[in-house]
């Protein structure tokens, strides 16, 4: 039994795409940016810097990504997530895993402020043992607890490594549950089991990178055996 189960958020626990897309489009409007291929290219889940580069490959700069991040946050963090919906049955299975004595935590590319706000909004703080995001180390006291450099955002593989170490867990006792290649890459780089969920945003090619694929929430416990 894998005693430490780490879950992605977007596309794994909840369908967050409608609210994320709306905030992105509002931010781009505010900046006077047009992206005719937005709906075709956009995927919820990757870091804002990465998605900005995908949407604007010929004009990408760090300053542009920072401006998009600021605008996105202004629209996304304060609307109460009106269109975000939990995937049916997923949180029931997470509660079952926790009742079995497993540690369950969220490890996400989402900004820490948004992930924490969403966890409070949906009552996940009573379910999960922690919420971890790559930009959380920008908070000095959090960085100090994890031995990270204050003010530096880390990649998901590095974030996962620090979370595993914080729990004192062995790799063969851990699993990363997610829906896209960033989740499976993070698991692979840390030598832990990757479990792909078919109800999320990942393409068939991405899901093929996972060690195990769940077609329905009820398969989670057996996938994490």
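Of note:
- Rounded to 10°, Cα long-axis angle of helix 90-99 versus longest principal axis of the chain: 40
- GNM on the chain, alpha-carbon springs under 10 angstrom: the most fluctuating residue among 47, 36, 18 is 36.
- The C-alpha atoms of segment 17-76 occupy a region whose extents along the principal axes are 26, 23, 20 Å, arranged from largest to smallest.
- FRET efficiency, residue 50 to residue 126 (Cβ-Cβ, R0 22 Å, nearest 0.05): 0.10
- Gyration tensor over the Cα atoms of segment 129-225: the corresponding equivalent ellipsoid has semi-axes (square roots of 5 times the eigenvalues, largest first) of 26, 14, 11 Å.
- Shown here is the pair-distance distribution of the chain: with all Cα-Cα distances grouped in 5 Å bins from zero up to the longest one, the shares run 1, 7, 15, 19, 20, 17, 12, 6, 2, 1, 0 percent.
- Axis angle, to the nearest 10 degrees, between helix 62-76 and the longest C-alpha principal axis of the chain: 70 degrees.
- This ranking places 84, 12 by how few other beta-carbon atoms lie within 10 Å of each, fewest first, which gives 84, 12.
- Among beta bridges that DSSP assigns inside the chain, antiparallel share in %, nearest 5: 10
- Each residue in 116, 181 was given a count of other beta-carbon atoms within 10 angstrom of its own, and listing them fewest first yields 116, 181.
- GNM result for the chain, Cα springs below 10 Å: residue of 134, 178, 147 fluctuating most strongly: 147
- Angle in degrees between helix 156-167 and the longest Cα principal axis of the chain, rounded to the nearest 10: 40
- CD proxy at 222 nm, helix term only [per DSSP H run n ≥ 4: -39500 (n - 2.57); per residue of the chain; nearest 500]: -12000 deg cm²/dmol
- Highest mean first, the peptides 52-58, 69-75 sorted by other C-beta atoms within 10 Å per residue fall in the order 69-75, 52-58.
- Cβ crowding within 10 Å ranks 176, 1, 51, 118 as 1, 51, 118, 176, fewest other Cβ atoms first.
- Efficiency of FRET between residue 29 and residue 216 - r from beta-carbon atoms, R0 41 angstrom, step 0.05: 0.60
Throughout, read-outs are computed from the coordinates displayed, never taken from laboratory work. Remember, predicted model here, so these are calculated numbers, not experimental data. Heads up, the Cβs are rebuilt from the backbone with ideal geometry, glycines too, and the neighbour counts pull from every protein chain shown.
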